[in-house]
Each structure stands twice: as structure tokens, then as C-alpha cells.
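First up is the structure itself, then whatever we jot down about it.
The values are calculated or read from the model by the stated rules, or taken from the named source; none is laboratory data. These numbers were taken from a predicted model, which means no experiment stands behind them. As a convention, Cβ positions derive from the backbone with ideal geometry for all residues, glycine included, and neighbour counts pool all protein chains shown. The area values use the complete protein model at the heavy-atom level, side chains included, leaving out ligands, DNA and RNA. Shrake-Rupley method; radii C 1.70, N 1.55, O 1.52, S 1.80 Å.
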Amino acid sequence: MNLKNNKSFSQEILKIENVEEEVNRISKRLKKDITEILKRKGAVVGISGGVDSSLTLALAVKALGSENVIGIMLPEKDSSGESIAFAQKLAEKFNVQTIEENITGALKGFGCYKRRDEAVVRVFPEYNPDTYKMKIGIDKRSLNQSLPPVFTITIVNSNGTEKRKILPIKEYLQIVAASNFKQRSRMSMLYYHAEKLHYAVVGTPNKHEVEQGFFVKYGDGGADIMPIAHLYKSQVYQLAEHVGVPNEIIKRTPTTDTYSAEQTQEEFFFQLPHQEMDLIWYGMENKISPDKVGEALGKSAEYIEIAYKSLERKKRTTEYLRMQPLKY
Amino acid sequence: MEKLLQIQEKIRAFIVKASYAEDGKIDNDTLIFEQGVMDSMGFMSIIGFIEEEFSVTPSGGELTEENFESIDAISNFVQRKLQS
């Protein structure tokens, strides 16, 4: 990828100089990999109405033609209604056939909601899933330190009143394990449609999601090919604009769409606005001094050092998610 | 009330067990997070352990390096809380 490495260290450094060339490079490789290596004749993409899956779908269409791409929408009872509308709009724009598969029934069968809610009630006995919404996230107070993050749980009643507590580990693990049925059920459904048509499943994670471990192993991390896994989030936006992803999708705040209460990805996992995170990640990978990165972002070198440590820790502690089975 | 040494021993035993580290490799002043002995799950499990063992529940504002960076720091924090 051609980055503006001759520029001084700033957001500009992440700008892809020749976007058209990068779009062509990815789509050519996508076509070659799907048809010649994976030996499949089309692509299935799970579309959520977010910018990552939208760009992935657009690249798949450019690679294979809209007649060989299917967009699958996989809502469940906690999904935002907006997501389906945006995904539909995207499919119309790129003239792609869509299939909607509501996975609520499958999730009830797995006991996803029941198992999650049992753990929530142990923390907040008053929690009732019919009248409360819930979400978990990283405790912001831990951000300015070298300690690992701790998670909090928030419940929101019908008046919008929030209650938040630090999440005990047992309940945290149960809530996450139960919620992961969502991504794993989606993966199963994507493979059903892919295998039925002899297509490949095209995964949608970007560079941060893959390398920081913001995905579910064998869930949204389960795919045959991941064509945007090398792109920083700001580059995802750059390419999305170039290929014509609808503006409403580009302007949307990225959400997790996993818990019943609304939650941004920044709040749940990344902790930093994506523009800031991109530059810090780039600085860390390229061993750029915290002083220089801090100067570009208007932050102290100490702030950047703590962010470097936090990102390195995330990379290290999520290695398990990226590992293949250990074979004997 | 438990003495500092007893608190230290209980916390050390928990951390050694939870981290699968060799006992001799962790000193009371080892920076357990900085040096990768414990991670985020480890931190959450320490919070759970001191709640269960000593009935000490830290508030969000108390989750600081000063209180949690090492066995010494955690033990001193627990002792302070027990005395307050």
C-alpha cells in the first residue's frame, strides 16, 4: 500500500495516496483468491449496515460482479432497527441480492439471552430484560494508567436512568460467552448460504479488529478471506467514500449492535476515537517516539506511552483468538 | 484483624495459582501487570478474590496502580481498607 511516508508525522501519513489503485489491487486479489485458491464461484458477505461490511461488500462486487455476491442480514432481538435499513440501502446501491435471516429463534434455542440475563441478575437483582436494557464496557477510569482494563456493566431502565457497577469476573465471562452465540450463529448461517451456492464467506474485520482481538473466535473471526484486514479504520472510511458507500453509513457512529442498550465500539472496546487510535497504532508499529506522536495529536508523551502499553497488551492477550488449533 | 504478612501470603498464593507462575519468580514488589504476570482477566480475578477473602470491595476510583501494581501494593491497600 502506498502511504504518504514522505510527509511529516500527522493524520496525513495514513492517507492512501492512490485510492483507486488500492481498490483495484484488493478487488483483483479478491477475485483471484476466491476463484483460484478457494475455488469458489461467488461471495457471501454478512452486512450489518456498518462501514466495514459495506466496504467489504462493495469490494466483493467490484471483484466478482453483483450477480455473484449475496448480502446476508442477520438481525436478532437486540439489533438496532436502523442496521437493517442501512444494510438494505447498501444492497440497493450495489445491486446485490439480500437475504434476511433473523437469528433470534436460534439464539433462544442456545439459551443465549437466558444465560446472559442470569449473570446480569446476579449483579443487579432488579434487572428484568423486558423493562431494562443492558451493556458492558471498559471502565474509563482505568484508561490513564498502566493497569489492564476492567469491565463495567450498565443497566438502563425505561426512564433512561442508568446504573453501573464493576463486573465481577464470573459474570463477565458468562455474559461474554452467552453473547458470543450471536456472532457464532451468524457465522453458521453465512456458511449455510455460502455452501449452498458454492460461494466463499468474505469476512469484514479491519486491521484494528483483527490485531487488537475485537472479534469472536469462530464467530465473526470465522471466514474464508478478509480483504480489509490490513486497513486502518480511517483508511476504511477513505476507501468506502471512494467506492460509493452511502453517506449515511459512512457518517454512522460504529456500534457493537450486540447488547440491548446502545453502545459505541469506542465505549465497548477501543477506548479511543478511531483517528487517534489509528495514529497511535501506526506510531507503535513503526516505533515512532511517543513525543512525536503526542505532538501530532496534541497529547503528552506519557499519554501516548500508556496507550502504546495498552495496545501492546491487547495484542498480546488476544493472541489466543488468532491462533489456529494446536495440532499434534 | 489480619496482619500484613498474612494478607501478603494469601494474595501471593492466589496470584501464583491464578497465573501459573513459579512461586520463586514473583517477588512482593514485582510489577505483576507491567511484567505480564497477570492480564485483564487476572486483574478482575484479583478484585473478586479480595472481595471474597477480605470483604474488600474497591470503588472504581481505587483501581489505581498505587493500589494494584504488585503484591505489596494490593496487600497495603487491603490492610488500609480493613483498618478504615
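FRET efficiency for residue B:27 and residue A:162, Cβ-Cβ distance as r, R0 = 56 Å, nearest 0.05? That pair, residue B:27 with residue A:162, gives E of 0.85. Taking each of A:32/A:314; A:133/A:217; A:170/A:299 in turn, the alpha-carbon distance tops 31 angstrom for A:32/A:314; A:170/A:299. If you bin all the Cα-Cα distances of the stretch A:249-323 at 10 Å, starting from zero, the percentages per bin are 17, 42, 31, 10, 0. Per residue, the solvent-accessible area of the stretch A:61-141 (1.4 Å probe, heavy atoms of protein chains only, all protein chains present) comes to 48 Å². As a calculated quantity, the FRET efficiency between residue A:305 and residue A:67 at R0 = 51 Å, using C-beta atoms, amounts to about 0.50.
Taking R0 as 35 Å, what's the FRET efficiency between residue B:20 and residue A:77 from their Cβ-Cβ distance, rounded to 0.05?
About 0.30, to the nearest 0.05.
If you take the square roots of the eigenvalues of the alpha-carbon gyration tensor of the protein assembly as shown and sort them as a ≥ b ≥ c, do you get rounded (a/c under 1.5), prolate (a/b over b/c) or oblate?
Working: a/c = 2.07, a/b = 1.51, b/c = 1.37.
Prolate, because a/c is 1.5 or more and a/b exceeds b/c.
Would you calculate a helix-derived [θ] at 222 nm for chain A, using -39,500 (n - 2.57) for each DSSP H run of n ≥ 4 and dividing by the full residue count, to the nearest 500? Before the final figure, lay out the partial values.
Values: 13 runs with 152 residues, N = 328.
After summing the helix terms and dividing by the residues of chain A, the value is -14500 deg cm²/dmol.
Quantify how strongly other chains surround peptide A:145-154 by giving the mean number of their Cβ atoms within 10 Å of each of its Cβ atoms. Mind showing how you got there, number by number?
Numbers: counts 7, 5, 12, 9, 4, 9, 2, 1, 0, 0.
Across the residues of A:145-154, the mean count of other-chain Cβ atoms within 10 Å is 5.
Determine the relative contact order of chain A: mean sequence separation of Cα pairs under 8 Å and six or more apart, normalised by residue count, in whole percent. So the answer I get is 21 percent. One decimal place: the segment residue A:251-residue A:8 gains 84.7 nm when fully extended, by the rule 0.36 nm per residue minus the C-alpha distance. Here the spin labels are modelled as points 7 Å beyond Cα on the Cα-Cβ line, and at residue A:38 and residue A:218 they lie 2.0 nm apart. Of all the options A:158, A:80, A:48, the one that moves most in a Gaussian network model of chain A with Cα springs shorter than 10 angstrom is A:158. Ordering B:74, A:65, A:212 by the projection of their Cα atoms onto the charge dipole of the protein assembly as shown, which places +1 on the Cβ of Lys and Arg and -1 on the Cβ of Asp and Glu, puts A:65 at the extreme positive end. Judged by the ratio a/c of the largest to the smallest principal axis of the C-alpha gyration tensor, the stretch A:181-328 counts as prolate, that ratio being 1.5 or greater while a/b is larger than b/c.
Strictly over 24 Å apart at the Cα level, which of A:62/A:182; A:140/B:25; A:114/A:135; A:207/A:287 would you flag in this model?
On the way: A:62/A:182 29 Å; A:140/B:25 32 Å; A:114/A:135 15 Å; A:207/A:287 18 Å.
Violating the 24 Å Cα-Cα cut-off are A:62/A:182; A:140/B:25.
Counting, for every residue in A:308-316, the Cβ atoms of other protein chains within 10 Å of its Cβ and taking the mean gives 1. Of A:280, A:153, A:306, the residue with the greatest mean-square motion in the GNM of chain A, using alpha carbon springs below 10 Å, is A:306.
Each residue of the stretch A:319-328 is assigned a 3J(HN,Hα), and the resulting list reads 3, 3, 5, 8, 6, 7, x, 7, 9, 10 Hz, derived from the Karplus form 6.51 cos²θ - 1.76 cosθ + 1.60 (θ = phi - 60°), x at Gly and Pro.
Classification of the stretch A:99-241 by its C-alpha gyration tensor yields an oblate form. The axis ratio a/c (a ≥ b ≥ c) is 1.5 or more, and b/c is at least a/b. With point charges of +1 on the Cβ of Lys and Arg and -1 on the Cβ of Asp and Glu, referenced to the Cα centre of the stretch A:216-262, which listed residue (A:250, A:225, A:235) lies farthest in the positive direction of the dipole? Value: A:235.
In chain A, what percentage of the DSSP-assigned beta bridges are antiparallel, given to the nearest 5?
Percentage antiparallel, nearest 5: 50.
The loop-placed GluC sites (Glu not before Pro) in the stretch A:154-223, going by DSSP, include none that has at most 15 neighbouring Cβ atoms within 10 Å of its Cβ.
Each other residue within a Cβ distance under 12 Å of residue A:118 adds +1 if Lys or Arg and -1 if Asp or Glu, for a net charge of +3.
Chains A and B: how much accessible area gets covered up at their contact, both sides added, probe 1.4 Å, in Å² to the nearest hundred? Before the final figure, lay out the partial values.
Details: alone 16130 and 5180 Å², together 19810 Å².
Between A and B, the summed buried area is about 1500 Å².
Full extension of the chain segment joining residue A:139 with residue A:29 gains 35.5 nm, where the gain is 0.36 nm per residue of separation less the Cα-Cα distance.
Please state the charge dipole magnitude for the protein assembly as shown, taken about the Cα centre, from unit charges on C-beta atoms (+1 on K and R, -1 on D and E), reported in debye and rounded to the nearest 20. Please list the in-between numbers first.
Values: 54 positive and 58 negative charges, 239 e Å.
In total the dipole reaches around 1140 debye.
In this simple spin-label approximation, residue A:97 and residue B:55 carry label points 7 Å from Cα along the Cα→Cβ vector, and these lie 6.6 nm apart.
Let me spell out the model: positive unit charges on the Cβ of Lys and Arg, negative unit charges on the Cβ of Asp and Glu, origin at the Cα centre of the stretch A:220-328. What dipole size does that give, in debye rounded to 20? Intermediate values should be presented prior to the final figure.
Values: 13 positive and 17 negative charges, 86 e Å.
Value, rounded to 20: 420 debye.
About its Cα centre, the dipole of the stretch A:41-179 is roughly 420 debye, where the only charges are +1 on Lys and Arg Cβ and -1 on Asp and Glu Cβ.
Along the charge dipole of chain A, Cβ charges K/R +1 and D/E -1, which of A:152, A:56, A:112 sits furthest on the positive end? It is A:112.
Residue A:261 versus residue A:15, label points 7 Å from Cα toward the beta carbon: distance in nm? It works out to 4.0 nm between the two label points. Would you be so kind as to identify all helices of chain B, as entire DSSP H runs, whose Cα atoms reach 20 Å or more along the helix's own axis and whose mean Kyte-Doolittle hydropathy is at least 0.0? Helix filter hits for chain B: B:4-19, B:40-54.
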